[in-house]
Amino acid sequence: MAAASSSSCGGAGCGAHCSSSTSSSVEDAPEGILDRLSISGAAASCGKCGGGAVVVVAGGVGLCGECLRAQLFGKFKLAVISNAMVRPTDSVLVAFSGGPASRVALQFIHEMRSKAIESWDASNSQALPVFNVGVAFVNESALLSKTECEVEQATEDIKSIVSSLLPGDKAMHLASLDDVFSSESKDGESRLRELVGMIADDTGREDLLQCLRMLSLQKIALENGYTKIMLGSCASTIACHVLSATVKGQGYSLPADIQYVDTRWEVPVVLPLRDCLAQELRLLCEFDSLKTQQLLDRPCSGINGLVASFVARLREENPSREHTIVRTAQKLKPFPFNKFSANGYHDFLPSRLRPKFQDVDNDESAFSELLCLICRSPFSESELQNLESTRHKSQKKIDLYTAYCCQSCHFQILPGGRDLYDHFFSLLPRFWTERVDTASASHSSLRDQIEDYLLEDDDDGN
């Protein structure tokens, strides 16, 4: 972390980390950053503190390294507080991939907790507890062509990054992606390889791995008592997802994936970096010397890879394009599960924020959303009609299972031949296959509720 300067410009929003010294900002910048960030026509000095502008952010506004840090931390803190992402009683699991985004998320939530501990120590009453933080790293090396030595070195780097954060009381959870099969198979790695190998489409394989990754994080959180999962998804990642989802025909479920809060999972997921760009986060890691480890990252492929390349070209033309894509997608109506209810939150919220977390309207909450058994996307009206039709005429459980998969999973993830379905479903984690009975019973209850509701309306009309 960069040290705070002893002098402050006093500019609005700069905070304690802002340096008014032009020379110090430039001299402290890591070697090579200035050349890489120079943009023709950019301001010669920081747009906030008047110091040296070593970073150019969206809109051509120049910021020194300290002001960039203050801006990003301000966005992070605002997202956490205004959306009630973390309560004093929470235990937060940070999903750490080793990349810049998750590294910054880990650093910022660590700093928020450290300040909360200081306030708690200084408080006379010490009435409110301080939230806990844990870190999870999902190892996907079973599907990568990396040597055992490289994997061990990367894992040790991940451990050292977490242990370097003081106070060092954060639990570290290292899990292999094949651990999601631990309850039904002794050789989870072989099962994982066979399952992924059955998917011919590159995009489908990557989407399935994303689902398995989330399942792994949920497993860690549930087994260790965490109440929230924090992801490092930033505006750049979300912009790519918006375009990819549009190409895949996932427009109906898209709003569910791009909100600050997602409670459709057993352990709610939060995205505090949704308003930060990947380029800004990378720069912050360099300025603050935040160590990252990306040796075990998987490159994007298929549609996701093409979209990532396209967004990268847009970024070169105008960095604000990513924000524009995200803001446009935000106009879509979110789902009821994209915010916390009032239950359990009002005790820790200022009165001005409480209206944002009132229970959803009766029309929205009367019936729960039906979700895809694999990717957990909410069903569209056409998918619900297809499911209802299949439920009435299906004779085999396998037919019912396919009906509980969204159209995107049908096209991208399920094998091409129906004769392969039995084997494919037998390889899936039991947690998913057990959803069939649960979802079927839930849907039957939902249909009964709708029928009762309609009958009551008829009675009232008479």
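Only the coordinates and a few stated rules stand behind these numbers; no lab work does. A quick note: this is a predicted structure, and the numbers were derived from the prediction, not measured.
Here are a few things to note about the model shown:
- When DSSP beta bridges are restricted to pairs lying wholly in the range 65-338, around 10% turn out antiparallel.
- Cα Rg, Dmax, the range 160-280, angstrom units: 16.4, 47
- Approximate shape of the range 88-162 as ellipsoid semi-axes (Cα gyration tensor, √5λ), whole Å, largest first: 34, 11, 9
- Overall form of the range 140-192 per C-alpha gyration tensor (a/c, 1.5; a/b vs b/c): oblate
- For the range 65-338, the Cα gyration tensor yields ellipsoid semi-axes of 28, 24, 19 Å (square root of five times each eigenvalue, largest first, whole Å).
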